[in-house]
Structures are given as structure tokens and as C-alpha cells.
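Participant: After the C-alpha cells below, expect a handful of questions from me.
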There are 2 protein chains.
Amino acid sequence: MFTRVHQYSTNEQVRVPNVIALVGLPARGKTYISYKLCRYLNWIGIKTRAFNVGEYRRQACDFEKEGKADFFDHSNERAVRIRDECAKHAMEDMGRYLDSKKGEVAVFDATNTTRPRRKMLLDFCNREDHETKFRLFFIESVCDDPDIIDSNITEVKVNSPDYKGRMTEEQAKQDFLQRIEKYSAQYAPLCEEKDAELSFIKVINAGRSFFVHNVNGHVQSRVVYFLMNIHLLPRSIYLTRHGESEYNKIGRLGGDSPLSENGVCYAHKLRKYFEKENIQDLRIWCSQKIRVAQTANHLKDLAAHVEYWKVLDEIDAGICEGLTYEDFEARYPKQFSERDKDKYHYRYPSGESYEDLVARLEPVIMELERQSNVLVISHQATIRCILAYFDNKKREELPYLNVPLHTVIKLTPKAYSCQIEMFKFKIDAVDTYRAKPTEELPWELNGTESNLCRSP
Amino acid sequence: MFTRVHQYSTNEQVRVPNVIALVGLPARGKTYISYKLCRYLNWIGIKTRAFNVGEYRRQACDFEKEGKADFFDHSNERAVRIRDECAKHAMEDMGRYLDSKKGEVAVFDATNTTRPRRKMLLDFCNREDHETKFRLFFIESVCDDPDIIDSNITEVKVNSPDYKGRMTEEQAKQDFLQRIEKYSAQYAPLCEEKDAELSFIKVINAGRSFFVHNVNGHVQSRVVYFLMNIHLLPRSIYLTRHGESEYNKIGRLGGDSPLSENGVCYAHKLRKYFEKENIQDLRIWCSQKIRVAQTANHLKDLAAHVEYWKVLDEIDAGICEGLTYEDFEARYPKQFSERDKDKYHYRYPSGESYEDLVARLEPVIMELERQSNVLVISHQATIRCILAYFDNKKREELPYLNVPLHTVIKLTPKAYSCQIEMFKFKIDAVDTYRAKPTEELPWELNGTESNLCRSP
């Protein structure tokens, strides 16, 4: 799971490098899958990078000059040579990335629609000069639903660097459809009999069905499970901390104190906010702490479902539970400075680290991927982890993300990113943010759009 | 997942009843899948029961008198009627089980090889007179590998109540092969196009491939992931607690104390034991507590792999950490008696319950299912949970399973059970077992064979 599922990063001693190669015609969501996989694997602590052969091709030549869709014609010898070179180049980079141990998983994002190309990849993975042979897994995206293909072309491809600003949307679309046809002529789908020795998953019609063959090892098993849980239906995820607690007011860490007066006021306003949002079938997930349950109580009847997950509890501060930062520094000065040095990996004595938290929250992420609209009411550290996943933040930044009290963070996942909106409520609350001592800027979210901060 | 994955039992407020129906010719491992699923779902807190139509048939008539394999001939009208009646009877029982909320998942273990039979099931699940409609999921086991079929017939079927003691093994086998043929004549496998609206998984050749279609909801998603992780290859799982610790000696709960002198002695002997066992590719999984790491240190070089999982840490006794049972009773008498009343659900203030532990250990179970030979070095409460899974123990019994110090528990999974062997080492250790006050018998393992207790 899993963990290995639960201790990805620190304890894997014998980890085989994995190559995950996409297979499929253009506009089948290969880059979407590749983006989501990278984000997920990196977040759980498996260092992963995507190698997009299209990018190599764009660097190598100007496909417009090369004849647009004709560039992808199998009989265009010059183009075939260039495309082969680009694939080889990407493969070599991938090999260096894995051999150097900089990464553990490389995602090879290309069409890989012919058997010879896949054979070339397999031979590359088995080459004797690698430190360890690479384990190869294919993800084929098969789609015969014209609506899905059409929406993919319209949404993504006409905005591709190949077309953007170079021709009209309609021209781009026509050229792209021709490109698909060129590929279709040579396409050999993965096949249970002919490719019996390979390991692969076929994702059929954007996840309506799956064919899984010969899954081998932990990474492949995780990838399969992840692919089966993601979906593209529109929805939003809402994150908020509990209302201000009595402990927040006096600056103490952890504990299980009730809401302050301001905190209760936030719970009321939160209810009003969700009354307006008027979401069908809203699910509320809470931690098991009193301050969270109290906050959730005000919204109970708006939800189809309220669940109390222990895994959503705040980071366990171990021997520092109940202390203020000042107490902590005074009593354990060495620990205190250790924490500042590497906050992500620092584990409170008898408590947890952010890394531990990520492992504990993995099930929440997987379930969030599966669900539609969910409100998560939890804590500063746990929400930082969840936010880092959706906003693709590095682990160094994760423990410094600013998640203020009395604020709703609304996430709306898009194909290649996640739109983030912050709604700060006008109710007083203490500021529990503690910046990295050396840092200037406390945080910055990637998001897709500017981070809207409004008061509802 | 996951809980939902992590809070199965306590928080599911809107849970749809699920029917999981097997599909497949005889000797395709349907009952094996059904057994494993029931064990797994019950262990994670989803109440599940299997309804085996074969058992109803055996109660309804003597198939030997009815003509053995001919009983399964489609043209045998009397037999068809009896078989239909049995299926309906099982369905009605299943309906009562789910409607009464006694159970959440019913596994319908029958061949279900024809479309009309599956239609009948679907209609049954959608019947208006149920409290809630049942969600239906099919698991089809498809196998064309003659070796797998043959071994299944030989191992399981000739020992079936239909044959045992009634004829020779060879006669039984021949009759059974005829029975398969009778079924084959009518068999309509599930099909992506014709059954597009159904939700199903096809397990192909005992897990070499899978076809997954239209998975719907949490339970189905868990089931799919579980099926993809189980395997039938021979292997053993070894469980042991750390050697005796300093805290064990003085009867204190939890903490993070080092090994006692006896404990160190155990670590040495443990090494000798595994030197003799001489296991290829042994994996060692440890908790992150000092006493466990110290124990594992002596075996490190015998293993292909050592991992330290936080989820394997001992139950968190919260405010009772570091207390003895006497302290606990004296300081918190009410809590102490609460715990005795319902030890499985009792949660230490600011700590964990056994129920919490099961949720935390689910990833370990899933990964143990995937792996070959593993040694788990962990703690009394965590090992109780793992043992309860493999030995199919009820949650009331789980917290009272006797897991003494200085003992290796060797589990060898079989098709319908798990062989359990206990190796008690001759090294002194305190007894940390505390029986249920009212109970006479401390424990009893199901196992397959008598529980061998030997000293190696």
C-alpha cells in the first residue's frame, strides 16, 4: 500500500527503477495520466519525472515547416528519422536519471503505438550497462468514444505549443485529426496474447473499463490502483481548519481543546457559506478532535454524509503536545533548531514528522480522487499535506504553506493543474503561522489562476 | 480507501448494501475468492457473509441419487427446477441478511454462468421491497490454463462433501470433469458490450490478467484492489514480537525502552532460527521502536530487505503510556473497567483502540498478501490484529489472542485456511498476557492443523 505503502521514502532499500511508458493515439489523455502520476508518486515520496518525447521533437525541429500533420506520416523518411532520434534522446536522458539514482520512476510520455518502438524500449530497459535493469510497465489509453476524443482535442490540443498562435482553432483541430489518422495506420494495441510477457494496463474510455496484465511489484501495483480511482468529472474539494480553538488562542500546540468564541462564530459563518454553495451530495470528512467535531456540527444537516477519520487528526507533536513554541524552544533548544533545519523530515520525539503525515494521509488523497464534492475539516499540518498534493508543491515548501484559520480553500481540479481559491472570513483569529526563520516569502501557491482571496 | 479506508466501521453513515456475485465454471476458484473476500471485508469492519448455493443444493437433495454429473445437465428438468429453487432460496436469505442490516456485503457464491441467471440476480437486487436497492458486482473467474484447473480439481473438489467417502478420487475427478462440461454448454461469459451496464471484474488465469468494468463505489473499489493483490504461490509469513524489553520487565505499557538481557538473548536465537530456515529473499518489516530495531539488527544480513514501518508501532496507549496495569487501574478506574467491557472498541484517551489499529494495519495486510516470505517484528497488539486476519478470528476475540514474548508464529496460507505453527523459544520472559476478567479460556486459534508448539 500500500507502503511500503506507508513508508515509501525512508525505507525502501531494494528499489528497482521503474519505467512507465504511455501507449496510445494522440488525444487519448496520455499527458494527463503522466502529469497525475508524477504528482502522485512524488507526493508519496517516490521520485518521479516525466520525459515527454513531444517536447524533444519541438526542440529538434519546427513541425510547421516540416509539413504539419505530414510530419507524422510513416512514409516521411526524414521525419521518421527525426522522431526516432528524439525518442532515443529522451530514452538516454531517462536512463541517466534512473542510473544516477536521482529518480526512481521515469514516465516515458510518447505514443509508442508500434511494436518495434515498444521492443526498443524493452531492450533499453534490459540493457546490461544499467546499474540495475529497469522494470517496464505500459499504460495504454484506448478510447473509441468520440465525445471524449473531441473534448480532449478541443480543450488541450488546440492550445498545444504546436499550434497556439500559429493557426486558427479550426485549422489546428483539422491538422490534429490528420495527425491521429497518420498514427492510426501504424497502431498496434497491446494484446494479451502477443504481448503476454509484458506488464501493462489498458485504460479504456477514460476509465470506464481496465484491462490489467502481469502486474509486477509495488510501484506498478500502486499505479494501477491510482489509475482506477482518478476521474475527470467536474467537482470541488473544500479544505478548512476547525474554527479557532482555546489552545490556538494561547498558542499551544496540539491538544484537544474546544472552540473559542471566535471559533464558534466561524462555524456559523461556514454553515452560511455552504448554504449558499448549495452542493448536492456533499460529503464532510472530519478529524476526531473536539474542535473539528464542533465545527462540523453546525453543518451536519447540509451534508449527505459526515465521517470522522482518525487519519485526519493533527500532526502528533509527541513530547511537545500542549507546549507553546516558546516553551518548546526553551525546553528543547536542540530539537527546536533541528526542526527548523528540515521541517519536512523532522519527527517530534514520540510524535510524527510531516513525512509520516503524508504516509498517513495517502488513503485520504486516494479517496478524494475517487469522490465528487467533499469538505475536509482538519488541521494546519494535515491540510498543508493535502494542499501540497493538489498544488504539486515540493516537500521543502510543504511545511511552510500558509493555511490560516477561518479560511475556506476551494480546489477545483483541472486536467493539468488545480484551481485554488481562498475565502478568508472576516472573523478574528490568531495567526498560527510560523515562517521559516531564514525565509522571506512565506508561501506561494501554484494554482492555475491567480489565487483569489475574497471574503464571501 | 481507503476508509473510508481508514474508518470503515464507525463512520459509514450512508452505506449501500452490496451483493458480490461470483461467475465461472466449476473449479475456477470461486469459493476460494469468496472465502478470502469474506475474511478481508470482515476484518476491515465491513460485515460480510457468503451464501454458497452448492450448500443449499446439498441440503435439498442427494446429488448422487439424482445422477451425479447428470444432475447438472441443462436438459434434466427436475434437476433444473431443484437448482433454481436453491438459488432462489439462497437469494432470499441474502436479502434478509442485508435488509435486516445484519450485514453490509453478501457474497453470492454460485456458478451464475448464464445471462438469465444473472438477470434474475440483478432484478432481485433492484426489487422495490428492499430497504435500499442492493449494489451488484460480479467477479468472474476465467481460466484456460489446464494446470490451474487440474490442481484445483485435485486439491479441492475431490474432497468436496459431494464426493468425499462416496467414491474413489479418480471417480470423483471424472464425475467432476463431466459436471464442468455440462456447465460449459450453457456458459455465457461476461462481456464488455453485452453487459455494458453491469459492474464486474474478470479474474483471468488466477490473477495473471484482470478485466475491470464500471467499478462503482467504495466496496467494489476495495474488492478490486484486494483481488489484484492476492496470490496462491507457496510462502510463509513469520510474526514475532521484539525480545523482552526493560519496560516489559517492570510491567509498563508502551514507551520506547531497549531490550532486556533476555531480550538480547532472544534476538540471537532468532537469528539462529532463521539461519536454519534459510529463506531466499526474506523481507523483514519492523516497527520504528527501539526494542524492535534492536531485535532486527541481529538478522539484518539474512534479509534481502529490512523496512521500518511506523504503522507497525505498538498501540498508542495515550495517557496510559508508561503506566503499569496497576497504575492504570488505580488512576483511571472507570477507564480501566470500560476497557474490560469492550476491549476491541475501547480507545485509550489521546491514544488508540484495537479498531484504530486494524485500520492502520490494513496496508500491511494488503502488502503481506502481495509478498512472498516476510518476517514481521512488531508488538503484542499489532500482531494480534495481523493474526486475527490470517486466522479469521472475530473482533471480540482479537484483543485476547495470546501472543507471548520469545515466540515465532509461522503462518502458511492455504486455499481455505491458514496453517499456524508456534515456536516457543526457551528463553525466560515475563508474561504480558492479561486475560479477560470473566473469561476462562485465554485463546484458541482456528488454524488448519493442531497448533504445534515446539521449541526449535
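The values are calculated or read from the model by the stated rules, or taken from the named source; none is laboratory data. Being a predicted model, the structure only gives us computed values, none of them experimental. Here Cβ is always computed from backbone atoms with ideal geometry, including for glycine, and neighbour counts include all displayed protein chains.
Participant: Every residue in the range B:211-224 that is out of contact with any Ser or Thr (no Cβ under 7 Å at 6 or more places or on another chain) and surrounded by fewer than 21 Cβ atoms within 10 Å (Cβ to Cβ), please.
Facilitator: Selection gives B:G217 alone.
Participant: Does A:A69 fit the bill of being surrounded by 15 or more Cβ atoms within 10 Å (Cβ to Cβ), modelled with pLDDT under 95 and of a type in the set (G, A, S)?
Facilitator: yes
Participant: Residue under question is B:I153, and the condition is that it be under 21 Å from the mean Cα position of the chain (by Cα) and not acidic (D, E); does it hold?
Facilitator: Criteria not met by B:I153.
Participant: Mind checking which helices (runs of 4 or more DSSP H) fall wholly inside the range A:209-277 and carry at least 2 residues that are at pLDDT 95 or above and within 14 Å of chain B (Cβ to nearest Cβ)?
Facilitator: Counting at least 2 such residues, we get A:218-229.
Participant: Out of (1) under 26 Å from A:E367 (Cα atoms); (2) at pLDDT 90 or above, what's the single condition that is false for A:Y183?
Facilitator: With respect to (1) under 26 Å from A:E367 (Cα atoms); (2) at pLDDT 90 or above, A:Y183 is out only on (1).
Participant: Testing A:S184 on (1) within 29 Å of A:F72 (Cα to Cα); (2) in contact with an Asp or Glu (Cβ under 8 Å, 6 or more places away or on another chain); (3) small (G, A, S), one condition comes back false. Which one is that?
Facilitator: Looking at each condition in turn, A:S184 falls short on (2).
Okay, residues lined up against (1) more than 24 Å from A:K424 (Cβ to Cβ); (2) in contact with a His (Cβ under 6 Å, 6 or more places away or on another chain):
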{"position": "A:R271", "(1), (2)": "no, yes"}
{"position": "A:K276", "(1), (2)": "no, no"}
{"position": "A:I279", "(1), (2)": "no, no"}
{"position": "A:Q288", "(1), (2)": "yes, no"}
{"position": "A:V292", "(1), (2)": "no, yes"}
{"position": "A:D301", "(1), (2)": "yes, no"}
{"position": "A:H305", "(1), (2)": "yes, no"}
{"position": "A:I315", "(1), (2)": "no, no"}
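Participant: Same structure, new question: What about B:T154, is it in contact (Cβ under 8 Å) with a residue 40 or more places away in the chain, within 30 Å of B:E64 (Cβ to Cβ) and surrounded by 14 or more Cβ atoms within 10 Å (Cβ to Cβ)?
Facilitator: No: the conditions fail for B:T154.
Participant: Of A:R347, A:R331, A:R434, which residue is over 19 Å from A:K47 (Cα atoms), of a type outside the set (A, V, I, L, M, F, W, C) and at pLDDT 95 or above?
Facilitator: A:R331
Participant: Any chance the range A:247-258 includes a residue that's surrounded by 23 or more Cβ atoms within 10 Å (Cβ to Cβ) and on the phi < 0 side of the Ramachandran plot?
Facilitator: For the range A:247-258, residues surrounded by 23 or more Cβ atoms within 10 Å (Cβ to Cβ) and on the phi < 0 side of the Ramachandran plot: present.
Participant: Here is a check on your reading of the model: is B:K119 under 29 Å from the mean Cα position of the chain (by Cα), in the same structural domain as B:S199 (by TED's automatic domain parsing) and either part of a loop (DSSP other than H, G, I, E, B) or without any contact (Cβ under 8 Å) to a residue 40 or more places away in the chain (or both)?
Facilitator: no
Participant: Shifting gears a bit: Please work out if A:P413 is more than 14 Å from every other protein chain (Cβ to nearest Cβ), more than 26 Å from B:L361 (Cα to Cα) and within 19 Å of the chain's Cα centre (by Cα).
Facilitator: The answer is yes for A:P413.
Participant: In the list B:Y183, B:Y187, which residue meets the criterion of being surrounded by 13 or more Cβ atoms within 10 Å (Cβ to Cβ) and either in a helix (DSSP H, G or I) or within 14 Å of chain A (Cβ to nearest Cβ) (or both)?
Facilitator: The match here is B:Y183.
Participant: I'd like to check something: does the range A:41-56 contain any residue that is more than 27 Å from A:D391 (Cβ to Cβ), crowded, with 20+ Cβ neighbours inside 10 Å, out of contact with any Pro (no Cβ under 8 Å at 6 or more places or on another chain) and in contact (Cβ under 8 Å) with a residue 60 or more places away in the chain?
Facilitator: No.
Participant: So, one more: Among the candidates A:E170, A:E197, single out the residue that is charged (D, E, K, R), within 13 Å of chain B (Cβ to nearest Cβ) and either in a loop (DSSP other than H, G, I, E, B) or more than 23 Å from the chain's Cα centre (by Cα) (or both).
Facilitator: After applying the criteria, what remains is A:E197.
Participant: When you check B:T168 against the structure, is it of a type in the set (S, T, N, Q) and farther than 30 Å from B:E66 by Cβ, yes or no?
Facilitator: It is false that B:T168 is of a type in the set (S, T, N, Q) and farther than 30 Å from B:E66 by Cβ.
Participant: Only one of (1) among the small types (G, A, S); (2) on the phi > 0 side of the Ramachandran plot; (3) modelled with pLDDT of 95 or more is not met by B:A381, so which one is it?
Facilitator: Evaluating B:A381 over (1) among the small types (G, A, S); (2) on the phi > 0 side of the Ramachandran plot; (3) modelled with pLDDT of 95 or more leaves (2) as the failure.
Participant: Among (1) farther than 27 Å from A:R57 by Cα; (2) more than 14 Å from chain B (Cβ to nearest Cβ); (3) surrounded by fewer than 21 Cβ atoms within 10 Å (Cβ to Cβ); (4) among the β-branched types (V, I, T), where does A:I148 come up short?
Facilitator: (1)
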